[in-house]
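Taking it in order: structure first as structure tokens, then the write-up.
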Amino acid sequence: MRVPATSANLGTGFDALGLALGLFNTVTVTSLPDGPTAELPVTTAAESLPVAAYERACAEHGVRPLPVHAAVTGDVPSSRGLGSSATCIVGGVMAADALHGLGLDRPELVRLATLVEGHPDNVAPAVLGGIVVSATSGDRVHSLPVPLPAGGGLDLLLAVPDHPVSTEAARAALPDRVPHADAVHNAARSALLVASLVSGRTELLGEAMDDRLHQPHRAGLVPGVTEILATARDAGAAGACVSGAGPSLLVVAPGPQTERRLRDHLADHPWGWELLRLPLDPTGAQVEGPSPA
């Protein structure tokens, strides 16, 4: 399974919006000999996640899971806010579909992956590709693609540091309650964000991505993040935000000077940063290789 990296939240769309990036992991799930004499390969933490997702999908559809081993390779760094865990989960769910011939459609793959991940903002675009808005109701997941104007595309620049930040630490930084004014601020701007993407009004993205719910509370996890995002906007980017739980940063519609200015600004930063221009991945996760017997 070839699964794209993702960038979640897009600023104000906390736990609801995400997009798929042209950066991929390959998740290979292989059935093992059954029985007490079978020698099981050593499994890393990353490789155990596809197995858990595979077993959950089997349980949800009433099939007996096979003994399997998962291997994860590719270019999506872990603990960088680029959905590496989502690639593992989606790969495991798709493996259950492929190995057992379940015939699952994309919405069901999203639902199953969300059961394992806990929220759909990364797994939905990983499955569906493009930009996706999602909402959950119990164990139901409602996910819709956000269509871009014909021929419009979306220019994306990622700033990826060499330091990880755990999702657990990023979640722990969030307050239990937020002021009503901040909730209203984000609700209005998340709606504006979707409308500006659909209409191609990228000049509104800076305002639309102005978050108050999570980024201010996580600012201390990445040294100088507020200044880095401000530099991107001042250098002509239409919008900039923390990617997912961070620490990577997503810059949308960068101007002609944005990359150079960011590179100069980050040159003396205590963390090493790499700038990547990545396309939006339009197709989402794909099964590769021979079909199982």
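The values are calculated or read from the model by the stated rules, or taken from the named source; none is laboratory data. None of these values were measured; they are calculated from a predicted model. Neighbour counts are summed over all protein chains in view; Cβ atoms, including those assigned to glycine, are modelled from backbone coordinates with ideal geometry. Ligands, DNA and RNA are excluded from the accessible area calculation, which covers all protein heavy atoms including side chains. Shrake-Rupley method; radii C 1.70, N 1.55, O 1.52, S 1.80 Å.
Identify all residues within the range 235-256 that are farther than 19 Å from residue 81 by Cβ and either open to solvent by less than 60 Å² (accessible area, probe 1.4 Å) or modelled with pLDDT of 95 or more (or both); write none if there are none.
Selection gives 235, 236, 238, 253, 255.
Have a look at 157, 204 and point out the one that is touching an Asp or Glu at 6+ places or on another chain (Cβ under 7 Å) and under 19 Å from residue 240 (Cβ atoms).
Answer to the selection: 157.
Within the range 257-269, work out how many residues are open to solvent by less than 10 Å² (accessible area, probe 1.4 Å) and in a loop (DSSP other than H, G, I, E, B).
Summing the residues that are open to solvent by less than 10 Å² (accessible area, probe 1.4 Å) and in a loop (DSSP other than H, G, I, E, B) in the range 257-269 gives 0.
May I ask you to verify whether residue 288 is assigned to a helix (DSSP H, G or I) and open to solvent by 30 Å² or more (accessible area, probe 1.4 Å)?
The answer is no for residue 288.
Has the range 148-170 got at least one residue that is on the phi > 0 side of the Ramachandran plot, out of contact with any strand residue (DSSP E or B) (no Cβ under 8 Å at 6 or more places or on another chain), assigned to a loop (DSSP other than H, G, I, E, B) and modelled with pLDDT under 95?
Yes, the conditions are met somewhere in the range 148-170.
Given the conditions (1) modelled with pLDDT under 95; (2) outside any helix (DSSP H, G or I); (3) open to solvent by 50 Å² or more (accessible area, probe 1.4 Å), which single one is not true for residue 210?
Here residue 210 clears every test but (1).
Residue-by-condition table, conditions (1) within 19 Å of residue 211 (Cβ to Cβ); (2) open to solvent by 30 Å² or more (accessible area, probe 1.4 Å); (3) in contact with a Lys or Arg (Cβ under 8 Å, 6 or more places away or on another chain); (4) in contact (Cβ under 8 Å) with a residue 24 or more places away in the chain:
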| position | (1), (2), (3), (4) |
| --- | --- |
| 156 | yes, no, yes, yes |
| 167 | yes, yes, no, yes |
| 172 | yes, yes, no, no |
| 180 | yes, yes, no, no |
| 185 | yes, no, yes, yes |
| 189 | yes, yes, no, yes |
| 200 | no, yes, no, yes |
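Among the residues of the range 213-234 satisfying the criterion of being among the small types (Gly, Ala, Ser) and at pLDDT 95 or above, which is most open to solvent (accessible area, probe 1.4 Å)?
Filtering the range 213-234 for residues that are among the small types (Gly, Ala, Ser) and at pLDDT 95 or above, the one most open to solvent (accessible area, probe 1.4 Å) comes out as 230.
Which of the residues belonging to the range 123-147 are open to solvent by 70 Å² or more (accessible area, probe 1.4 Å) and assigned to a loop (DSSP other than H, G, I, E, B)?
Across the range 123-147, the qualifying residues are 138, 139, 147.
Could you identify the single residue in 113, 86, 96 that is surrounded by 24 or more Cβ atoms within 10 Å (Cβ to Cβ), touching a Cys at 6+ places or on another chain (Cβ under 8 Å) and not charged (D, E, K, R)?
None of the other options fit; the residue is 96.
Exactly one of (1) modelled with pLDDT of 90 or more; (2) open to solvent by 80 Å² or more (accessible area, probe 1.4 Å); (3) over 29 Å from residue 78 (Cβ atoms) is unmet by residue 176. Its number?
(3)
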